[in-house]
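One structure is given here, and the rest of the page talks about it.
The values are calculated or read from the model by the stated rules, or taken from the named source; none is laboratory data. Since we're looking at a predicted model, the values are computed, not measured. Positions of Cβ are backbone-derived with ideal geometry, glycine not excepted, and every protein chain shown enters the neighbour counts. Areas reflect the complete protein model, heavy atoms only, side chains present, ligands, DNA and RNA absent. Shrake-Rupley method; radii C 1.70, N 1.55, O 1.52, S 1.80 Å.
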Amino acid sequence: MRMWKHHSPTAAGVINIPNPKRMTKCALHPHIIAWICIGIYLATLGFSGFRLYRGIKERRILAEKEFFNLADISAAEETQGFMSEPFKARLLDAFEASKTLQGVILSAGPAGNYTLERIKGETLGWSGDVPHFKSQFGISKQPLVEGVQIPSMRNVYISAVYATIDYSRIITILKHTLFVISAAFGIACLTFILQFFPAHVAYPPTVRPAKPKPRDGYERKEPPPADKARPGEAPVPGAPSSGGKDAPKPEPAAPPPSAEEVQGLLGGKPIGEESGIRGRLASELHHCAFFEQDMVFMIMALQSRTQADTLYPLIVDEALRFFILPDLIFEKNPWGIALILPDINLDQGLAKSGEFHQQILGKYPEFAQKHGNLYIGMSSRAGRFINAERLMLEAGQALEKARKDASAPIVAFRSDPEKYRAFMASQNTKPS
């Protein structure tokens, strides 16, 4: 292959690149990733709510077990031992050993009332000499009540309230929930950021380091040996190298087809006429300049009329399916098509054209033996206030460079915005 870098005042030059071999693409659409993350959020919140509800139910079961243990201790005493100091000590030990009970009232009628409280003054209140439970968040609203059977005593009751929330369990659940949601949010952010990076393109290993620039201002790289086939292709026997006196001369350009011929070959495919390219390109340039977006203008052309008679409608059909821009694809004589690709830069345009070229090579055997049957040239706005005629001229020059070297059929015109602005200022022109 060859690489040109022209040092004219109008642009930084034309860069001829080899056909990309492969490129990585996002396996899942961002919308799918977003829905998956939303599903993870909802499932995590639902599961956490279920764990909280189950914890509250388990808390009540444990509280009832601890409460009836206190009631059994109270009922085990005889009349003389009831409300004695040893009895109160056993009741206090059982209360402090519980995990849920927060306050206890033992009402013994004439013998008085005995109360137990986890934190003094927090759970119990008094109305004269009668104790009662305070209403408090996290404490059961309905106390547990049980009658105590004491010989020769009547109206002995024990009641208690318990903590309905286990805060240590809630903290654990919240940690787990936060971890899962953070992981899903991180995946969503990473997917969003990756949309701003172009697809990675891996070039053939035959590309060699650039040699020192000669005096004529062009950088050249020798093409790979003709007897070395690309991976997956059989070598073409006796194919001469692209250099030397025995190199085949390029075929003369075919005459432009008539309107009837184009319509007959396309079978009514909905692409625009060549006369509409300039107007639509100017409109898209103004739109992209207003929104500070880049744009690529691309021209594809077949090698000769002989191939075009059979392959031209196939190329048009494949381009419509691949680029999905029917209103931005136009006829381009002779036997070519022009594409306007808004909101992408030159590197992304190279990646797309390389993928399309590889698809054609793999799908149609007519291109397999000589991948120079289809040439592609392109240029981009690259931050410049450029008119449609200039962009069409640059893409056309890139296409002509591609025609001169079949070993590298994709050529891009890469401009230098600073040099371009300086050139336009020197010409005292105002781009439209």
ask   = For the stretch 173-192, what are the residues that are out of contact with any Pro (no Cβ under 8 Å at 6 or more places or on another chain), more than 17 Å from Ala43 (Cα to Cα) and open to solvent by 90 Å² or more (accessible area, probe 1.4 Å)?
value = Leu190
Number of positions in the stretch 252-276 that are at pLDDT 70 or above and part of a helix (DSSP H, G or I) = 3
ask   = Restricting the stretch 320-341 to residues that are free of Cβ contacts under 8 Å to residues at least 40 places away in the same chain and part of a helix (DSSP H, G or I), which is most open to solvent (accessible area, probe 1.4 Å)?
value = Arg321
inquiry  = Condition check: at pLDDT 85 or above and among the small types (Gly, Ala, Ser). Does Gly279 satisfy that?
reply    = yes
remark   = When every residue in the stretch 394-405 that is farther than 16 Å from Arg381 by Cβ and crowded, with 19+ Cβ neighbours inside 10 Å is compared, the one modelled with the lowest pLDDT is Asp405
ask   = Tally time: how many residues in the stretch 98-119 are in contact (Cβ under 8 Å) with a residue 12 or more places away in the chain, open to solvent by 50 Å² or more (accessible area, probe 1.4 Å) and over 19 Å from Ile165 (Cβ atoms)?
value = 2
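Have a look at Ile360, Ile271, Ile344, Ile315 and point out the one that is open to solvent by less than 30 Å² (accessible area, probe 1.4 Å) and under 18 Å from Ser380 (Cα atoms).
Working: Ile360 fails: under 18 Å from Ser380 (Cα atoms); Ile271 fails: under 18 Å from Ser380 (Cα atoms); Ile315 fails: under 18 Å from Ser380 (Cα atoms).
That would be Ile344, the only listed residue that is open to solvent by less than 30 Å² (accessible area, probe 1.4 Å) and under 18 Å from Ser380 (Cα atoms).
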message = When you scan the stretch 101-121, do you find a residue that is outside any strand (DSSP E or B), under 54 Å from the mean Cα position of the chain (by Cα) and farther than 16 Å from Tyr157 by Cα, even just one?
response = yes
query = Checking Ile386 against (1) out of contact with any helix residue (DSSP H, G or I) (no Cβ under 6 Å at 6 or more places or on another chain); (2) touching a residue at least 24 places away in the same chain (Cβ under 8 Å); (3) assigned to a helix (DSSP H, G or I), which single condition isn't satisfied?
reply = (3)
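In the list Val156, Val207, Val148, Val201, which residue meets the criterion of being at negative phi and modelled with pLDDT of 85 or more?
On the way: Val207 fails: modelled with pLDDT of 85 or more; Val148 fails: modelled with pLDDT of 85 or more; Val201 fails: modelled with pLDDT of 85 or more.
Just one listed residue meets the conditions, Val156.
Please indicate, with yes or no, whether at least one residue in the stretch 160-182 is hydroxyl-bearing (Ser, Thr, Tyr) and over 40 Å from the mean Cα position of the chain (by Cα).
Applying the first criterion (hydroxyl-bearing (Ser, Thr, Tyr)) to the stretch 160-182 yields 162, 164, 167-168, 172, 177, 182.
Keeping just the survivors that are over 40 Å from the mean Cα position of the chain (by Cα) gives 162, 164.
Checked against the condition, which is being hydroxyl-bearing (Ser, Thr, Tyr) and over 40 Å from the mean Cα position of the chain (by Cα), the stretch 160-182 yields at least one hit.
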inquiry  = The conditions are (1) surrounded by 21 or more Cβ atoms within 10 Å (Cβ to Cβ); (2) part of a helix (DSSP H, G or I); (3) modelled with pLDDT of 85 or more, and Met378 fails exactly one of them. Which is it?
reply    = (2)
query = Between residues in the stretch 399-420 that are touching a residue at least 40 places away in the same chain (Cβ under 8 Å) and assigned to a helix (DSSP H, G or I) and residues that are of a type in the set (Lys, Arg) and open to solvent by less than 40 Å² (accessible area, probe 1.4 Å), which pairs lie under 8 Å by C-beta distance while being six or more apart or on different chains?
reply = Tyr420/Arg384
query = If a residue has to be out of contact with any Leu (no Cβ under 8 Å at 6 or more places or on another chain), over 22 Å from Ile150 (Cβ atoms) and not β-branched (Val, Ile, Thr) to count, how many in the stretch 99-137 make the cut?
reply = 12
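Against the condition within 21 Å of Ser407 (Cβ to Cβ), buried (at least 22 other Cβ atoms within 10 Å of the Cβ) and not acidic (Asp, Glu), how does Leu391 come out, does it pass?
Details: within 21 Å of Ser407 (Cβ to Cβ): no; buried (at least 22 other Cβ atoms within 10 Å of the Cβ): yes; not acidic (Asp, Glu): yes.
Criteria not met by Leu391.
For Val180, are the conditions met, namely being part of a strand (DSSP E or B), under 26 Å from Leu52 (Cα atoms) and of a type outside the set (Phe, Trp, Tyr)?
Judged against the criteria, Val180 is not a match.
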ask   = Of the residues that sit in the stretch 80-89 and are of a type outside the set (Lys, Arg) and assigned to a helix (DSSP H, G or I), which one is most open to solvent (accessible area, probe 1.4 Å)?
value = Glu85
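Answer with yes or no whether Leu92 is of a type in the set (A, V, I, L, M), closer than 17 Å to Tyr157 by Cα and either assigned to a helix (DSSP H, G or I) or free of Cβ contacts under 8 Å to residues at least 12 places away in the same chain (or both).
Yes: the conditions hold for Leu92.
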note = Picked from the stretch 64-79 (must be crowded, with 16+ Cβ neighbours inside 10 Å and either at pLDDT 90 or above or of a type outside the set (Gly, Ala, Ser) (or both)), the residue nearest to Ser182 (Cα to Cα) is Glu66
